[in-house]
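The values are calculated or read from the model by the stated rules, or taken from the named source; none is laboratory data. In this text, all values refer to a predicted model and were calculated from it rather than measured experimentally. Cβ: placed from backbone, ideal geometry, glycine included. Neighbour counts: every protein chain shown.
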Amino acid sequence: MESRRNPRAVVDPKVRQVGFFTSSQPDSSSTQQQQQQTDPIPASASSPPVSTISPSGNSLSPVMIPPPRLNSSDTFPLRGAAAGASSAVSPSSFSYSNRRDFPDGSTTASPGRHSRGSFVKSSTPVASSLPGIGMDSMAAAKSSSVPASGLTTVSVATMPPGLAEKASGMEVQSDQKKNSKPLKEKTTKAERRAIQEAQRAAKAAAKADGGKVPPGTSASVASTSVKVAKPAKPSTQKNEVSVAAGVTEKKGGPSEKDRKKDAPHPRMQYDDESRVVKAKRRAVVKQTEAKNRVELFRHLPQYEHGTQLPDLETKFFQLDPMHPAVYKVGLQYLSGDISGGNARCIAMLQAFQEVVKDYSTPPEKNLNRDMTAKISSYVSFLIECRPLSISMGNAIRFVKNRIAKLPITLSESEAKAALQSDIERFINDKIIGADMVIVKHAVTKIRDGDVLLTYGSPTAVEMILLHAHELKKKFRVLVVDSRPKLEGQLLLRRLIKRGISCTYTHINAISYIMHEVTKVFLGASSVLSNGTVYSRVGTACVAMVASAFRVPVLVCCEAYKFHERVQLDSICSNELGDPNAISKVHGREDINYLDGLTNNANLQFLNLMYDATPSDYISMIITDYGMVPPTSVPVIVREYQKEHLLV
Amino acid sequence: MPDVQSMVAEFVNKLRKRKIEGSQATAKCTVELLRSVISHQRVPHANQAAALIDAVKAVGQQLVAANPVELAVGNVVRRVLHIIREEDLSLTTAAMAGLDLLDASDDDDIDNCKGIGYPAMSAAVVAAAARSTLRPPSLQTLLEGTPESATVPYTSSSGADSESKTADKSSLTRKLKHDVIEGVNQLIHEISGCHEQIAEQAIEHIHQNEVILTLGSSRTVLEFLCAAKEKKRSFRVFVAEGAPRYQGHLLAKELVARGLQTTVITDSAVFAMISRVNMVIIGAHAVMANGGVIGPVGVNMAALAAKKHAVPFVVLAGSHKLCPLYPHNPEVLLNELRSPSELLDFGEFSDCLDFGAGSGSLQVVNPTFDYVPPNLVSLFITDTGGHNPSYMYRLIADYYSADDLVM
């Protein structure tokens, strides 16, 4: 590995511009990485140990009050088109400077030059130490038989990791562009083995050097297991691929796949007969299809409710593929004991923690792959119990990504500990911490004399109201509720117990009470990237009436619930609840008009669970990254989604 | 007479206790009561129309005060007053025509030096008034430029008339009362037949495979939809259940019984579903003179959603629901709050309501009606056809006389 210390004299000043998208604080990030190794839960470390992904070198702790935009503009490198373009270009600039090392790289010399020229204009000189290091690693690459992975291995050892990751990541990509295909063909099993050996050696060497740990050792793993780490590929690479298409024509393969994986999966459509049959064969939960279904919603699953629960309960002790913790959570979903986005998500993550704790790699299997498969099977079980919420989808994505990115060098127990702590951190930072930040923000919007309206029983809003009450703010709360869940009654009870004056009404009366309202606080199940708020059914009505009465609508939603999917209506993707809940009115025996009609072919009951609120009704979305207009949602999704995966 | 009094008292009681639900039922009861009031009213020889009007007004005021929110009562009282005035007028006109003929044949000279001639003046007034109220304005009358004196109150004319015509007084009296009762009977017929009249138009508005959203339970809507169904149109109806009274359940039950494809949705899903709905059809509780609608609670929400998605919002209203008043703050002033027990079980919340230290207060709001401003309404379908909201004031002028607007 001495080759990595080969002095590279190529200090092209223009190459420095690459620093534009790396973090400007190499020292801190390097220490962070040390922490990551020693202490698996660095408080706010988000610098990724995996080098192929470059976005947020050292992002903020998610609990922090959103940073001033100015500040963050250099911390989060991929902010806007200019950055994207430059990142797409930069690899070729590297390749240009190093082309002597790679004979086949020389062909790209002129595009590299061109692009670099354009790049220089759009970038600012930030990191100065980078180029040399980058060259360093290039040289190292030369020494190893497979440059792509060798690069990453070596680069980490000496350079400030925050930077190194970026640099090496880019180089890997640029290399891949030029010679990945031949390399792929060349690398035999033995060679890959050799690479891994080399990595271990590098790691050992680095440890010996100064206790510095190369998290990048996993890079090669990552690059080989890219297919497993499905949602992780950041847009950087996508852009690169597309921009430098001329160069990459021959390559294509894996990154194309990645791009496909990047796009949100199409959901299961339940009007597709063959797929439904297939899914049924796999299913653990034998749900009986509801008979009398609404034509418009054939594409959504609708089952007879309450029929399968006892059966599943008896199976509790005889299910070997299912982990009991997951099984328990699934049953709780099914019975409705756990509801509410955050509660469901936390329950699921905690079950996964249990799974990880009890996990042991089967012989002749790879921990990463086997555990991903396990988690996938658990997830499909949970889906059978109740369709996933978008926030849960994000959390699962996070967990799978973490598993995929586990350094292969870690022992099983280390890996398990790392995973558990990752999940723990997700719960603490992204859910609980985020709520606290939201409360802190939202409370500033409550003034004395306000009349606040809320709908349903959103946890974040409840915390806000209670906190504002603790701050001795004088306000009144209007709790609007709707059938069939009547969750507002629970909220009402809790608020009254705490001494807050409340008015209770049902959603039909919303126009009547909206006159006196000064602000509307709503919760959300998810915020989609076109600004649509996907939430408990009725939220759209409330928001619509509020905006008709010129009352500001504030939506409180943790950023982990944001999703890049877009949706225009509430029909295409939704969840159907128990239709019988509509025909029976709880506590009102006099309302029994529909008794005995439930099996009439002409009569259907539609119990929608969610609806999509158009963004024009929403004044502001309060998230853990601050208070933003709905138009800024895609920005948050773009900037922070990657970070979620990397936390 | 005393039995009329007791009938009125009984009806007032019913109204006050909200025993009578639905504007059609209320309207019908009111008309029938007024008919018996009129038939029992002893009419003086002179000025019998005024006496009838006074009697009806007196009863009407009681009824309206008993339930000021049920606008149909006031509407019907005004309709009856209008009938009385109209019958009186037509009788007068007929009488005047006879008088005129007499005048013209007998004293030509007086007629020549007219202008001050009392009967001639009176006849002109009556003719003008009759023209303006009874007949549609023809091009000729427009050109003639009817004199402003047409607005002279016709109590004077009828007074003059009764003075001048003492000969067949008794027959005239009987005739007026008879005509009025005849007119009231017609009104009753019209009120009970308004469903059919409206339903006849259904076929023009509902097409094949339509998806219709409705809320609340309205007999008019039911008949309307069923009429389209009977004409072999197949369509789908979404019914919002209309918590906390769940009248939607009632409507759904009847629709299903008549074989319509019905889907019950929660009120909260109205916005979610409206994008797939072709038309919103609701029955009004009352239609105001500006074209605004008072309907079952939740209607404004549906109207806003329909507006947002450019879905036609159609209001069905029998003519007895046309109210000649302009609404002021109708959400509050023309509304009614029902029992909180429909929303909250008192037993469940009694422990929260001790209002002791550290415990907040609880209010429950449960309004009955909702006001839809005219700009959200696409079309009114009444028993006389379809109308724009902006045309409502004109329809109302057909049904009520301006003197009765304030009772």
Checklist entry - Would you call A:GLU575 crowded, with 16+ Cβ neighbours inside 10 Å, modelled with pLDDT under 90, closer than 27 Å to A:ILE427 by Cβ and more than 10 Å from chain B (Cβ to nearest Cβ)? => result yes
Checklist entry - Which condition number does B:ALA310 fail, the rest of (1) surrounded by fewer than 17 Cβ atoms within 10 Å (Cβ to Cβ); (2) outside any loop (DSSP other than H, G, I, E, B); (3) free of Cβ contacts under 8 Å to residues at least 12 places away in the same chain being met? => result (2)
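Given the criteria among the aliphatic types (A, V, I, L, M), under 19 Å from the mean Cα position of the chain (by Cα) and within 25 Å of B:GLU204 (Cα to Cα), does B:ILE274 qualify?
Numbers: among the aliphatic types (A, V, I, L, M): yes; under 19 Å from the mean Cα position of the chain (by Cα): no; within 25 Å of B:GLU204 (Cα to Cα): yes.
Taking the combined requirement at face value, the residue does not satisfy it.
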Checklist entry - Residues A:THR518, A:THR505: which one is of a type outside the set (A, V, I, L, M), on the phi < 0 side of the Ramachandran plot, at the interface with chain B (Cβ under 9 Å from one of its Cβ atoms) and touching a strand residue (DSSP E or B) at 6+ places or on another chain (Cβ under 9 Å)? => result A:THR505
Checklist entry - Taking region A:599-624, which residues are assigned to a loop (DSSP other than H, G, I, E, B), within 22 Å of B:ALA272 (Cβ to Cβ) and more than 9 Å from chain B (Cβ to nearest Cβ)? => result A:MET609, A:ILE618, A:SER619
Next on the checklist: Whether any residue in region A:583-596 is modelled with pLDDT under 90 and among the polar types (S, T, N, Q) is what I want to check.
Outcome noted: yes
Checklist outcome for this item: Subset of region B:1-43, residues more than 18 Å from B:LEU81 (Cβ to Cβ), of a type in the set (A, V, I, L, M, F, W, C) and in a loop (DSSP other than H, G, I, E, B), comes to B:MET1, B:ILE20
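Working only within region B:264-277, note down all residues that are surrounded by fewer than 24 Cβ atoms within 10 Å (Cβ to Cβ) and within 7 Å of another protein chain (Cβ to nearest Cβ). Reasoning before the result, please.
Start the filter on region B:264-277 by keeping residues that are surrounded by fewer than 24 Cβ atoms within 10 Å (Cβ to Cβ), which leaves B:275-277.
Selection gives B:SER275, B:ARG276.
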Checklist entry - From B:ALA310, B:ALA306, which residue is aliphatic (A, V, I, L, M) and either within 12 Å of chain A (Cβ to nearest Cβ) or within 24 Å of the chain's Cα centre (by Cα) (or both)? => result B:ALA306
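Yes or no: B:MET301 more than 19 Å from the chain's Cα centre (by Cα), more than 7 Å from every other protein chain (Cβ to nearest Cβ), within 23 Å of B:LEU225 (Cβ to Cβ) and of a type in the set (A, V, I, L, M, F, W, C)? Lay out the reasoning, then the answer.
Numbers: more than 19 Å from the chain's Cα centre (by Cα): yes; more than 7 Å from every other protein chain (Cβ to nearest Cβ): no; within 23 Å of B:LEU225 (Cβ to Cβ): yes; of a type in the set (A, V, I, L, M, F, W, C): yes.
Criteria not met by B:MET301.
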Next on the checklist: Name the residue that is nearest to A:MET609 (Cα to Cα), counting only residues in region B:243-263 that are facing chain A (nearest Cβ under 7 Å) and in contact with a Leu (Cβ under 8 Å, 6 or more places away or on another chain).
Outcome noted: B:THR263
Checklist entry - From the residues in region A:578-598 that are touching a residue at least 60 places away in the same chain (Cβ under 8 Å) and more than 7 Å from chain B (Cβ to nearest Cβ), which one is nearest to the chain's Cα centre (by Cα)? => result A:ASP578
Checklist entry - How many residues, within region A:524-557, are within 14 Å of chain B (Cβ to nearest Cβ) and either in contact with a helix residue (DSSP H, G or I) (Cβ under 9 Å, 6 or more places away or on another chain) or closer than 14 Å to B:SER268 by Cα (or both)? => result 21
Next on the checklist: I'd like to know if region B:398-406 contains one or more residues that are surrounded by fewer than 19 Cβ atoms within 10 Å (Cβ to Cβ), among the aliphatic types (A, V, I, L, M), more than 20 Å from B:ILE198 (Cα to Cα) and touching a residue at least 60 places away in the same chain (Cβ under 8 Å).
Outcome noted: yes
Checklist outcome for this item: If we take region B:336-407, then strands (runs of 3 or more DSSP E) inside it with 3 or more residues that are within 14 Å of chain A (Cβ to nearest Cβ) and at pLDDT 90 or above are B:369-372
Next on the checklist: Can you tell me which of (1) closer than 27 Å to A:VAL451 by Cα; (2) out of contact with any Pro (no Cβ under 6 Å at 6 or more places or on another chain); (3) more than 12 Å from chain B (Cβ to nearest Cβ) is the one A:LYS497 doesn't meet?
Outcome noted: (3)
